[in-house]
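**Student:** Would you mind keeping the following structure in view while I ask a few things?
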């Protein structure tokens with residue numbers, strides 16, 4: 001960790017935060033016990049490193065009242081999901097925390113506990129990072145490191161006409177959860193489940209690795225199904241047809257207003273969206289079943305360009321939205 005900031009007025013300075021809460025998370029020998037400004041890692045012969053980075057800003061990516069342990073889970077999960085999307089095995093991560101005066105010692109302790117629980121679940125350890133003071137807003141960032149056999153990565157540019165389009169899990173849950181947090185009325189038990197889907201996504205790490213050599217293109221659904229599918233289509237220079245009736249909706253979401261629109265464009269689900277040749281479809285679905293992950297065929301890749309969405313009658317329609325845009 002890089003101790004350069006002034007001691008904040010929370011009663012817990014940077015050195016104390018590192019020593020008390022972060023050093024116990026640094027289990028990899030390459031982290032050097034967080035005693036230096038960098039980690040040193042050796043990769044086995046034939047392995048390639050996979051790196052990804054995402055940030056989260058209060059008021060943009062999370063609400064101010066998000067519990068710190070839950071926030072830590074999401075920070076690590078959304079980054080681990082990028083590793084899953086390339087078929088990588090997670091190894092470690094580095095964090096960045098710009099903390100406002102409102103962040104006290106209890107918040108930091110809960111945040112570190114959330115990181116510890118998440119890294120144990122995802123199979124990775126802390127390698128280092130930085131923490132600084134800021135007048136606000138609270139800003140978090142994470143860089144993840146994974147590995148895979150050299151040349152085995154699953155990219156966005158490999159989809160071919162005739163490939164089938166498959167998505168894991170259910171779609172629209174996270175967007176509905178966010179709507180509930182902003183005031184949408186819902187039955188309490190279902191509301192809590194949807195909020196948890198928004199706050200605590202599950203990166204599909206095992207399936208991502210299992211799909212090496214099977215999936216031709218893959219990414220995770222972070223900005224919305226249609227927006228993210230558009231990245232595959234652009235990079236692969238192909239088009240797609242998606243059946244709205246095939247979209248996997250959870251039993252809770254199915255009866256809520258706007259469920260289909262959230263499934264198409266809501267974002268924050270962090271499910272895998274991948275293409276697979278017809279002769280490998282059964283193998284891909286079997287891999288998902290073996291790992292206990294729901295996988296649903298929702299469409300196919302076609303020649304040319306463009307994206308067509310069909311309604312329940314098989315008639316093309318224009319969805320209300322296409323997904324999140326950062327700028």
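**Student:** Based on DSSP H runs of at least 4 residues, each adding -39500 (n - 2.57), what is the mean residue ellipticity at 222 nm of the chain after dividing by all its residues, to the nearest 500 deg cm²/dmol? Provide the component values of the computation, followed by the final result.
**Tutor:** Working: 10 runs with 101 residues, N = 327.
About -9000 deg cm²/dmol.
**Student:** Semi-axes of the chain's equivalent ellipsoid from the Cα gyration tensor, sqrt of 5 times each eigenvalue, largest first, rounded to whole Å?
**Tutor:** 35, 25, 15
**Student:** Next up: Measure nothing but the geometry: give the 0 to 90° angle between the long axis through the Cα atoms of 225-236 and the longest principal axis through the Cα atoms of the chain, rounded to 10°.
**Tutor:** Orientation of helix 225-236: about 80 degrees from the principal axis.
**Student:** Alpha carbon centre of region 255-279 versus region 131-194: separation in Å?
**Tutor:** Each part reduced to its Cα centre gives a spacing of 11 Å.
**Student:** Residues of region 175-218 with amide nitrogen under 18 Å from the 7 Å Cα-to-Cβ point of residue 320?
**Tutor:** 175-186
**Student:** Can you give the extra length, in nm with one decimal, that the chain gains between residue 113 and residue 153 once fully stretched, where that is 0.36 nm per residue apart less the Cα-Cα distance?
**Tutor:** Working: separation 40, 0.36 × 40 = 14.40 nm, distance 3.17 nm.
Here the segment from residue 113 to residue 153 would lengthen by 11.2 nm.
**Student:** Kirkwood-based Rg over Rh for region 164-317 (C-alpha set), two decimals?
**Tutor:** Values: Rg = 15.2 Å, Rh = 15.7 Å.
Taking Rg over the Kirkwood Rh, I get 0.97.
**Student:** Output the 0 to 90 degree angle, nearest 10, between the alpha-carbon long axis of helix 281-290 and the longest principal axis computed from the alpha carbons of the chain.
**Tutor:** 40
**Student:** For residue 57 and residue 16, calculate 0.36 nm times their separation in residues minus their Cα-Cα distance, and state this gained length in nm to one decimal.
**Tutor:** Between residue 57 and residue 16, full extension yields 12.3 nm more.
**Student:** If you don't mind, there's one more thing I want to ask. Compute a Gaussian network model of the chain, connecting alpha carbons closer than 10 Å, and tell me which residue from 308, 202, 125 fluctuates the most.
**Tutor:** Comparing 308, 202, 125 in the GNM, the peak value goes to 308.
**Student:** Let me ask another. Please report, in Å, the Rg and the Dmax of region 14-149, where both are computed over Cα atoms only.
**Tutor:** In Å, with Rg to one decimal and Dmax whole: 14.5, 47.
**Student:** Which of 81, 250 has the fewest other C-beta atoms within 10 Å, and how do the rest follow up to the most?
**Tutor:** 250, 81
**Student:** Please work out how much length the chain gains when fully extended from residue 196 to residue 45, using 0.36 nm per residue of separation minus the C-alpha to C-alpha distance, in nm with one decimal.
**Tutor:** Extra length available between residue 196 and residue 45 comes to 50.4 nm.
**Student:** In degrees from 0 to 90, rounded to the nearest 10, what is the angle of the helix 105-122 Cα long axis to the longest principal axis of the chain?
**Tutor:** So the helix axis and the longest Cα principal axis differ by about 50 degrees.
Any read-out appearing in this document is the output of simple, stated calculations on the displayed coordinates, not a laboratory observation. Values in this document were obtained by computation on a predicted structure and should not be read as measured data. Positions of Cβ are backbone-derived with ideal geometry, glycine not excepted, and every protein chain shown enters the neighbour counts.
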